[in-house]
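These notes concern the structure reproduced below.
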């Protein structure tokens, strides 16, 4: 193989599937999102980074809030699934502000299929918000509260919605400080666990 051929092959292997992503974006603009609880838009011309806004329905525990998240599309998409980080604090046993969400069960890296789309991914994110993956909570203390004191868990989750996911004018300053500290502690714990969790993503990258 010549140097030019090798360079062309490398560039092809490290280039985002822009045509596929462009098609998904055009379809999303034309047909609108599946459901009415989220808005998904690209934030760069390469379509590698996307902004997600989720407004849970009235029957959701997180109703009344708007949750912002960033989706990053890997070079191996659609062979490997996108990654997502929530930017809005949320009281949840599988999701935290600033931490990558690693899926298990129905949307783990091992169950991701190339036929799936960004909308498929987002729909599963929304579902995870209301249906935590109980087989493996990323945040043990929050998961334990959900299992043993659901009423207390729901009250705390709603309090976080009021503090962090609604307009700033309606937040209670004292509570916001308390929750901010709690978020920072949970994210610190998550960072210790991310090394093991990330292995599944690395494995996907290698296998695909």
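What the table below lists for this structure:
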item	result
Wholly enclosed helices (runs of 4 or more DSSP H) of the stretch 90-208 bearing at least 1 residues in contact with a helix residue (DSSP H, G or I) (Cβ under 7 Å, 6 or more places away or on another chain) and modelled with pLDDT of 75 or more	118-130, 140-148, 150-164
Selected residue (criterion: farthest from residue 98 (Cα to Cα)) from residues of the stretch 31-76 that are out of contact with any helix residue (DSSP H, G or I) (no Cβ under 9 Å at 6 or more places or on another chain) and not in a loop (DSSP other than H, G, I, E, B)	31
Search result, residues across the stretch 48-63 that are closer than 23 Å to residue 27 by Cβ and buried (at least 20 other Cβ atoms within 10 Å of the Cβ)	50, 52, 54
Tabulated pairs, the stretch 30-48, first closer than 16 Å to residue 82 by Cα, second in a helix (DSSP H, G or I) and modelled with pLDDT under 85, C-beta under 7 angstrom, 6+ apart or interchain	none
Residue match in the stretch 66-88 (condition: crowded, with 20+ Cβ neighbours inside 10 Å, under 25 Å from residue 151 (Cβ atoms), at pLDDT below 95 and over 11 Å from the mean Cα position of the chain (by Cα))	no
Number of the condition not met by residue 1 [criteria: (1) more than 22 Å from residue 131 (Cβ to Cβ); (2) modelled with pLDDT of 95 or more]	(2)
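The values are calculated or read from the model by the stated rules, or taken from the named source; none is laboratory data. Computed from a predicted structure; not experimentally measured. Heads up, the Cβs are rebuilt from the backbone with ideal geometry, glycines too, and the neighbour counts pull from every protein chain shown.
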